[in-house]
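Accompanying notes for the structure given below.
The values are calculated or read from the model by the stated rules, or taken from the named source; none is laboratory data. Note that the structure is predicted; figures quoted are calculated from it, not measured. A quick note on method: Cβ atoms are made from the backbone with ideal geometry, for glycine too, and the neighbour counts reach across all protein chains shown. Ligands, DNA and RNA are excluded from the accessible area calculation, which covers all protein heavy atoms including side chains. Shrake-Rupley method; radii C 1.70, N 1.55, O 1.52, S 1.80 Å.
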Amino acid sequence: MQFGYFDDARKEYVITTPATPYPWINYLGSKDFFSLISNTGGGYSFYKDAKLRRITRFRYNNVPLDLGGGRYYYINDGKEVWSPGYAPVKKELERYECRHGMGYTKITGEKNHIETEITFFVPLDFNGEVHKVVIKNTGNSNKNITLFSFIEWCLWNALDDQTNFQRNLNTGEVEIEGSVIYHKTEYKERRDHYAFFSVNAPTAGFDSDRESFLGTYNGFQNPDAVLEGKSKNSVADGWSPIASHSLELSLDPGETREYVFILGYVENDLEDKWKLKNVINKTKAYRMMEEFSTAEKADGALKKLADYWEDLLSGYTLVSRDEKLNRMVNIWNQYQCMVTFNLSRSASYFESGIGRGMGFRDSNQDLLGFLHQVPDRARERIIDLASTQLEDGGAYHQYQPLTKRGNDEVGGNFNDDPLWLILAVAAYVKETGDCGILNVSTPYDNDESKAAPLADHLKRAFDHVIHNLGPHGLPLIGRADWNDCLNLNCFSLEPGESFQTTTSKDGRVAESVMIAGMFVYIGKEYAALMKKTGNETEGLRAEKEVHEMEEIIMKYGYDGEWFLRAYDDFGRKVGSRECKEGRIFIESQGLCIMGGLGLSDGKAVNALDAVEERLGTKYGLVLNNPAFTKYYVEYGEISTYPEGYKENAGIFCHNNAWIMCAEAVVGRGDKAFDYYTRIAPAYTEEYSEIHRMEPYVYSQMIAGKDAKRFGEAKNSWLTGTASWNFVAITQYILGIKPDYDGILIDPAIPKEWDTYQVTRKFRGDIYRITVNNPNHVSKGIERMSVDGKEIVSAVIPFAGDGRVHEVIVTMG
Ligand code: BGC
Ligand code: NOJ
């Protein structure tokens, strides 16, 4: 069952009922100011950091779900009250439509012959959310209506806002000037930032005190002021400051009115702070209002936003015979990659914006998906990440985006973390050719006195693995590797200590075959990067280390039919035929094979067959099997989850991509693509009532076959699934891989495919690559030509002339 449809021409998903199985959201913003917006207008905004600079309030855990806060509009036509976006009044509309597009959301609601269309967006380089409201009288008699707006301020720090009521209920301060409501709580103290909510028209009234607007015992669905049809003109003084305007309109039949509301955020410079004391400097706010003083100006900015996205998405475009595949590759997967770049794992309808900053491993992997869209910003992100790295090569697991500093509370000791930095940098250099990044002087732990060239950071990341080997010569897992919940050192808890807060202690020896596989896969990338950039000695050293690890994996890390997952702290196998539960895990199969292990002796194929047989389901591949049915203190958090959820045998979509890549590496394009379609959102659309999450973006997890709610997804949007699935489809399946000297062509596709075309922008050139498959093979290239000339290698040499090049690939 579907709740909408894709409008590919406009790059939109069109939701046709407010009763989606879960709030289906979108993100607004591309740089500093961001908003989450659901299909009925729910959600919130923040500046740079969802925890430290929250602008509007949202209640997670709210009942009902999506009425925790939002930008809400109300109409009172003298007879009835409704919300054009359905929420919060929830009165049935005669027509409802929500179009989630690239960086904007347009919600249209019609009732009693009044059609209201609201376009929400954050313009480029603008610290605010613009709402363009168009109201039309579609009837044949005159209409007199009152339109109310509403937002609720958050007192900046989202955590404090939810906990420190004894103080916060006394601090709220606002200022009203014409049609503008300024939020200046704590301005006295911080003297540098404030927010405002404005409309470009005279108002009939306003409210800025929540209780006055709603009434003490009413909710968002029935505010006193709206029911009465009249604002109270309340000025907040402590309690809960809000901003609401009311506008009285008289509309002739067919008449249309347009308004522009702005939810803006202003930061003043230091000089102002001291000069202006408690008086807010409104210069910037006035400028922002002037920028959007008319609906035409808003349209102009929307056009610019569309051009911006058109350009970002044009880096990789596919024309194939599969419409769903085209829309994933060309639109939604790339869009989600940009969102994960911007937000990491901080703010979604499943991530509160409070708990987590930017993850080290997460951000490095996210980079793989957006790099080709914004290489300059990828460069900046790499330096930010490397600047939080520790001197011993390890990493803080997370950092706060506002301060860019490592977050001590979360700690480090996730021993996979450092390796992802190498993968990100290698991918960056292949994409851009910018080897100079390796010379950028980059601090350790944000301490400039401890700066060294980025290349040194990579070396230390690589050596961090070698310096932390366990009894079998495999890498120590530390607190956990990519699988946060596989906590193999946690049995050592002191009484009363909880596994979530414990880091692995000295002397703990659990080892990870997954990190070993990563070391081989990423170590080869490291060696190649070193050799390419003239450091032959380091390249050879790395190759030798990788080779040794390969031998160790094949000796201690392969269990007859598949790769083991780990050794626990007692030296017992994890993910082995010998285990009763958790006999096979997905991660080590994917990464070891991506690293090239087991290719010559059939071991890789055996492992992949075991994956299919034991982990395969119609909704994707589960993480492990059999699921853990009880708690094992020696395995940790993984066994705390009920069977089939999250890391305990859930379908973790992130690592499904590694199996797609591995299948491509062994040349089984049919299987690779089959796995792709099992989890790619456009293919889940038709059973949205089971999947429940947005059919236009990946979710982190889909409940596995052992779960009561098999097939139901959770944690949509912010997941490494986005970038890895983009890598799997574009590089491993469609086989267009950026490389140091050009683009490597190496498809692994379903045999029945005849042809497809990819247009790839690459360092300023454009390559139009047509892949023909007349012999219906999965892998292998018979011949290739560039601009009519046959070439012998599988790499399209980088031309560097800024021109379009025609590439014809014949598989066979
Ligand atoms: C979740 C993991 C997540 C981790 C983050 C765990 O509870 O299951 O998916 O990576 O928390 O800290
Ligand atoms: C989500 C986390 O963000 C990511 O870092 C981790 O690898 C996966 N969960 C698996 O545990």
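Toward the positive end of the charge dipole of the chain, about the Cα centre and with charges on Cβ (Lys, Arg +1; Asp, Glu -1), which of THR171, ILE135, LEU159 goes farthest?
Farthest towards the positive pole: ILE135.
I need the trypsin sites (Lys or Arg not before Pro) found in region 211-263, filtered to DSSP loop residues with at most 15 other beta carbons within 10 Å of theirs.
Answer in residue order: no site qualifies.
Where the centroid of each part is defined by its Cα atoms, how far is region 356-419 from region 609-674 in Å?
Centre-to-centre (Cα) distance: 26 Å.
Using packing as a proxy for protection, rank 377-385, 715-723 so that the peptide with the highest average count of other Cβ atoms within 10 Å comes first.
Those peptides, ordered most packed to least, come out 715-723, 377-385.
Using label points projected 7 Å from each Cα along Cα→Cβ, tell me how many nm separate TYR286 and LEU124, to one decimal.
That separation, rounded to one decimal, is 2.8 nm.
Please give me, ordered by residue number, the GluC sites (Glu not before Pro) of region 715-812 that lie in loop per DSSP and have at most 13 other Cβ atoms within 10 Å. Please report the intermediate quantities before stating the final value.
Working: sites: GLU752, GLU782, GLU790, GLU806; in loops: GLU752.
Of the GluC sites (Glu not before Pro), the ones in loops of region 715-812 whose Cβ has at most 13 other Cβ atoms within 10 Å are GLU752.
Just the Cα atoms of region 1-129, one point each, no solvent: what log10 I(q)/I(0) does Debye give at q = 0.10, 0.12, 0.14 Å⁻¹?
-0.32, -0.46, -0.62
Run through all the Cα pairs of region 710-808 and give the fraction in each 10 Å bin from 0, expressed as whole percent.
Bins of 10 Å from zero give 14, 43, 27, 12, 4, 0 percent of pairs.
Which whole-number percentage describes the relative contact order of region 663-812, with Cα contacts under 8 Å and a sequence gap of 6 or more?
20 percent
Can you tell me the accessible area per residue over region 161-259, all protein chains present, probe 1.4 angstrom, in square angstrom? Let's see the in-between values first.
Details: 4320 Å² over 99 residues.
Using a 1.4 Å probe on heavy atoms only, each residue of region 161-259 averages 44 Å².
Straight distance only, please: which lysines reach the Cα of LYS230 with their own Cα at less than 23 Å, same-chain residues fewer than 8 apart left out?
Straight-distance partners of LYS230: LYS79, LYS90, LYS91, LYS111, LYS132, LYS136, LYS143.
If a paramagnetic tag sat 7 Å from the Cα of MET554 along the Cα-Cβ line, which residues of region 567-603 would have the backbone N under 18 Å from that point?
589-603
Using 0.36 nm per residue of separation minus the Cα-Cα distance, give me the extension gain between ASP609 and THR17 in nm, one decimal.
On the way: separation 592, 0.36 × 592 = 213.12 nm, distance 4.22 nm.
Contour length minus Cα-Cα distance gives 208.9 nm.
For the chain, which whole-number percentage of the solvent-accessible area (1.4 Å probe, protein heavy atoms only) is attributable to carbon and sulfur atoms? Walk me through the intermediate numbers first.
Values: 13710 of 28590 Å².
After summing per-atom areas, the C and S share lands at 48 percent.
Can you list the aspartates and glutamates whose alpha carbon sits under 19 Å from that of LYS708, skipping same-chain ones fewer than 8 residues off?
Output for LYS708: GLU581, GLU643, GLU647, GLU689.
So if I place +1 on the C-beta of Lys and Arg and -1 on the C-beta of Asp and Glu, and nothing else carries charge, what would the dipole magnitude of region 656-762 be about its Cα centre? I want it in debye, nearest 20.
Working: 12 positive and 14 negative charges, 59 e Å.
In total the dipole reaches around 280 debye.
Could you give the dipole magnitude of region 16-77 about its Cα centre, charging the beta-carbon of Lys and Arg +1 and that of Asp and Glu -1, in debye to the nearest 20?
Working: 8 positive and 4 negative charges, 73 e Å.
Rounded to the nearest 20 debye, it is 340 debye.
Lysines within cross-link reach of LYS555: Cα-Cα under 23 Å, excluding same-chain residues under 8 positions apart?
Reachable lysines: LYS524, LYS544, LYS573, LYS580, LYS603.
Bin all alpha-carbon pair distances of the chain at 20 Å intervals from 0 and give each bin's fraction as a whole percent.
16, 46, 31, 7, 0
How long is the gain from SER785 to ARG803 if the chain were fully straight, where each residue apart is worth 0.36 nm and the alpha carbon distance is subtracted?
Full-extension gain reported as 4.9 nm.
How do 43-53, 473-483, 71-81, 431-441 rank on mean C-beta neighbours within 10 Å, highest first?
On the way: 43-53: 23.5, 473-483: 25.6, 71-81: 19.5, 431-441: 16.1.
Descending packing order for the listed peptides: 473-483, 43-53, 71-81, 431-441.
Would you mind putting 695-707, 738-750 in packing order, based on average other-beta-carbon counts within 10 Å, highest first? Each step should come with its number before you reach the end.
Working: 695-707: 26.1, 738-750: 20.9.
Those peptides, ordered most packed to least, come out 695-707, 738-750.
Along the charge dipole of the chain, pointing to its positive end and built from +1/-1 on Cβ of Lys, Arg, Asp and Glu, which listed residue (THR185, TYR619, ILE107) has its Cα farthest out?
ILE107
With every protein chain kept in place and ligands, DNA and RNA left out, what is the accessible area per residue of region 301-423? Probe 1.4 Å, answer in Å². Walk me through the numbers before you get to the answer.
Working: 3710 Å² over 123 residues.
I get 30 Å² per residue for region 301-423.
Would you mind checking the tilt of helix 333-343 against the longest principal axis of the Cα atoms of the chain, expressed as 0 to 90 degrees and rounded to 10?
70 degrees
Quick one: dipole size for the chain, taken about the Cα centre, charges +1 on Lys/Arg Cβ and -1 on Asp/Glu Cβ, in debye to the nearest 20.
On the way: 91 positive and 116 negative charges, 118 e Å.
Computed about the Cα centre, the dipole is about 560 debye.
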